Amino acid sequence: MENTTDYMYPFFMTPCPDNFQHLNSTALVVVYIVVFCLSLLGNTVVIFVVFCMENRRTSTDVYLMHLAIADLLFSLTLPFWGAYLHAGHWVFGTVMCKLLSGIQEATFYCCVFLLACISVDRYLAIVKATQFLNQKRHLVGIVCALVWLCAILLSIPVMLNRDAFTLDGTEYYTCHDNLTAESMDNWRLSLRILHHTLGFFLPLAVMVFCYGFTVCTLCRSRNSQKQKAMRVILSVVLAFIVCWLPNNITELLDNLMRAGRVTETCKLRDDLDVALYVTQAIAFGHCAINPILYAFIGKKFRNQLLISLFKKGMLGRGVLSKYRVGSVHSTGSTRHTSVTL
């Protein structure tokens, strides 16, 4: 958890009063618990639905299933960070500190890379009118494997440098980058610039480019089904921006201040510390949002969920007929749309 105890470190030349008492850590812990529960339920349902599609999965469905797996793994770290925040110190040891930090970093990269892959997939399917990836299903698996590999490699620096150690003059442990004072600023700034560039701004540029052309193409199309599918995907991308942009901006300002690029004041330090907690809680909530979007916006996802439950014997035919809208088989066979959406 990158910013949980940053304010405890003596990075600043002038001591500032501790104004953190007004931060309601209990409320943030409750947010973490709610996000964990929603993500656990929602992403498990998404994985179940896509897995039950068998041979009718499109390339987008495969990406969405891997996205749900990444979100699920990300959410599994939240109870530990919530306990860290509530206790005010790390109680799980160095191994768990490294492992959880690595999982969080890797799954974050994986999520944003997969969102970029989905945007490229929709661009090729709708703008270029090609279903190359759907015809070459093994390539989709290769792309997903490369995404996970790159995400794991990018998380290695965090795992190597993250440790559980005591602060000077205290007996409490913290989980943080264990670097010398001389190397901390340059290393931290370099790592965070890489994180912001590869983990947000570059994938965001890919999404804006791909979806910009895709939306223009759909605006000229009279196919309402394709437009409904794009509505879900654009909602997913918008949710990503709303959740992660505030945190990226806040972290960038924080690191620029720590590196001396922005003039430090006690008020700015206190405001940024509080903002880091709040924006991080918003960002963590992203792992629970996508399944909610599928359920409330994606009619075909709801249909597929009902059919999957019916096939597994967990739903009666009467309930299926009552709540199912249209035919998932007829709408799922269009060449441009995903059954999940």
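The values are calculated or read from the model by the stated rules, or taken from the named source; none is laboratory data. Computed from a predicted structure; not experimentally measured. Using ideal geometry, Cβ is built from the backbone for each residue, glycine included, and neighbour counts are taken over all protein chains shown.
Residue check: is GLU264 of a type in the set (Asp, Glu), in contact (Cβ under 8 Å) with a residue 40 or more places away in the chain and in contact with a Leu (Cβ under 8 Å, 6 or more places away or on another chain)? No. Within the stretch 4-62, which residues are modelled with pLDDT under 75 and surrounded by fewer than 13 Cβ atoms within 10 Å (Cβ to Cβ)? Once the filter is applied, which keeps residues that are modelled with pLDDT under 75 and surrounded by fewer than 13 Cβ atoms within 10 Å (Cβ to Cβ), the stretch 4-62 yields PRO10, MET13, THR14, PRO15, PRO17, ASP18, GLN21, HIS22, ASN24, GLU54, ASN55. Applying the condition of being among the hydroxyl-bearing types (Ser, Thr, Tyr) and outside any helix (DSSP H, G or I) to the stretch 143-173 and asking which residue is surrounded by the most Cβ atoms within 10 Å (Cβ to Cβ) yields TYR173. Taken over the stretch 223-248, the criterion of being at pLDDT 70 or above and either of a type in the set (Ser, Thr, Tyr) or outside any helix (DSSP H, G or I) (or both) is satisfied by SER235 alone. When restricted to residues that are more than 30 Å from THR214 (Cβ to Cβ) and small (Gly, Ala, Ser), the stretch 76-125 contains 7. Number of residues in the stretch 263-288 that are out of contact with any Asp or Glu (no Cβ under 9 Å at 6 or more places or on another chain) and aliphatic (A, V, I, L, M): the value is 6. For the stretch 276-294, the candidate set comprises residues that are in contact with a Ser or Thr (Cβ under 7 Å, 6 or more places away or on another chain), modelled with pLDDT of 85 or more and not aliphatic (A, V, I, L, M); within that set, the residue that is surrounded by the most Cβ atoms within 10 Å (Cβ to Cβ) is CYS287.
Within the stretch 71-99, which residues are under 17 Å from the mean Cα position of the chain (by Cα) and either in contact (Cβ under 8 Å) with a residue 60 or more places away in the chain or not in a helix (DSSP H, G or I) (or both)? Residues satisfying the conditions are ASP71, LEU72, PHE74, SER75, THR77, LEU78, TRP81. On inspection, TYR123 fails the criterion of being under 18 Å from the mean Cα position of the chain (by Cα), within 15 Å of PRO203 (Cα to Cα) and hydroxyl-bearing (Ser, Thr, Tyr). Sub-6 Å Cβ pairs linking a first residue in the stretch 166-180 that is within 13 Å of CYS97 (Cβ to Cβ) to a second residue that is polar (S, T, N, Q) and at pLDDT 70 or above, at least 6 apart or interchain, are TYR173/THR166; ASP177/ASN161, ordered by first then second residue.
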